Amino acid sequence: MRNQAGRLRFAMVSAALAFFLLPSVAASKDGRPAKTTSGFSARDLSGVWVGNEDADTFSTGELPLKPWAAEKFRTVKPGYGPHASALSNDPLQDCLPPGVPRILLVPFPMQIAQIPGEVVMLFEYDHYVRHIYMNRREHPKGLQATWMGDSIGHWDANTFLVDTIGLTEKSWLDQVGHPHSDDLHVVERIRRIDRETLEDDLTMDDPKAYTRPWTGKRVFKLRPGWHLMEYICEDHMDDSGR
C-alpha cells in the first residue's frame, strides 16, 4: 500500500505529465526529426500500448536456473493462468507490486510519455509509475532495492537502451513465478518497428540465480484514442482478504 509520500510523488508526476504529455518528436544528431520512410518518428514512443494478454513469460525456452532458484521455482503457485492455484503464493495476490520486468507482462495498458530528461511509463494496473532517466549514465551508489529499481536510458540510433538494477528479490520475473536475486540486471532494447508496433528485447543477467544471461521479448501494439482507466488492486480482493 502506498504511503502518503508515495501518493504525493504520484500526484506531482501526474501534474507534470499533464503539462508535457504532448507527443514528442525526437531529433536526430543533425537536429531533424528522426522519421522513418513511413512518416512516423522512430524515436517517438509516446502513446498507449497493450501487449499480448496470453503472454505469461518472456522466453519460450527453459531458463538456466541455478539449483536453489530451480527449487524455489518448484514451490511457486501462480494466482491465475493454466497453473493457477487456490493456495497461490503469488505476490500479486497480496496486492504487492509486480516489479520490473514482470509489470511489462501484466495484461493492462501502459502509457509512455517523453518529457525533458526522462521517459515515463504509466501503468493502468494499480497506477504504478516507472521513471527512465536520460540525464545520467550511471546508477547511484548504494542503491536500496525497490520493486521498480533504478532505470537509466539513452538512444542508440533508433533503439532506446534501458539499463535497470536495484530490484528487490521479493518480486517474480514473470507471471509463472521465475525467481531472481537482488543482483538482477535488466537491459532492454526498445524499438518502434512500425507505426503500430513497439518491440522490447530484454536481457536478464543474474549470476546468483542463473548460470548465464538469457534473453526474452515483449511486443506491444499502439491503441490510438485509448486512455488509462482506474484499476485498484485492493478493490478486487475477495472476502478472504486475497
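So, of the residues in segment 54-106 that are over 20 Å from the mean Cα position of the chain (by Cα) and among the aromatic types (Phe, Trp, Tyr), which turns out to be modelled with the highest pLDDT? Filtering first and then ranking leaves 68. The C-beta contact set for segment 190-203 (first residue farther than 16 Å from residue 55 by Cβ and in a loop (DSSP other than H, G, I, E, B), second residue at pLDDT below 95 and not basic (Lys, Arg), distance under 8 angstrom, 6+ apart or interchain) comprises 195/38; 195/39; 195/40.
May I ask you to verify whether residue 170 is under 16 Å from the mean Cα position of the chain (by Cα) and either surrounded by fewer than 19 Cβ atoms within 10 Å (Cβ to Cβ) or in a strand (DSSP E or B) (or both)?
Working: under 16 Å from the mean Cα position of the chain (by Cα): yes; either surrounded by fewer than 19 Cβ atoms within 10 Å (Cβ to Cβ) or in a strand (DSSP E or B) (or both): yes.
When the stated conditions are applied, residue 170 passes them.
Residue check: is residue 144 more than 15 Å from residue 188 (Cα to Cα) and either outside any loop (DSSP other than H, G, I, E, B) or touching a His at 6+ places or on another chain (Cβ under 6 Å) (or both)? Judged against the criteria, residue 144 is not a match.
From the residues in segment 147-167 that are assigned to a strand (DSSP E or B) and either touching a helix residue (DSSP H, G or I) at 6+ places or on another chain (Cβ under 6 Å) or small (Gly, Ala, Ser) (or both), which one is surrounded by the most Cβ atoms within 10 Å (Cβ to Cβ)? I'd like the intermediate steps shown before the answer.
Taking segment 147-167 first, the residues assigned to a strand (DSSP E or B) are 150-156, 159-165, 167.
Those still in the list that are either touching a helix residue (DSSP H, G or I) at 6+ places or on another chain (Cβ under 6 Å) or small (Gly, Ala, Ser) (or both) too: 151, 153.
Numbers: 151: 23, 153: 19.
Out of the qualifying residues, it is 151.
Does residue 131 fit the bill of being surrounded by fewer than 19 Cβ atoms within 10 Å (Cβ to Cβ) and not in a loop (DSSP other than H, G, I, E, B)?
Values: surrounded by fewer than 19 Cβ atoms within 10 Å (Cβ to Cβ): yes; not in a loop (DSSP other than H, G, I, E, B): yes.
Yes: the conditions hold for residue 131.
The values are calculated or read from the model by the stated rules, or taken from the named source; none is laboratory data. Values in this document were obtained by computation on a predicted structure and should not be read as measured data. Glycine also receives a Cβ, built like all others from the backbone with ideal geometry; neighbour counts cover every protein chain displayed.
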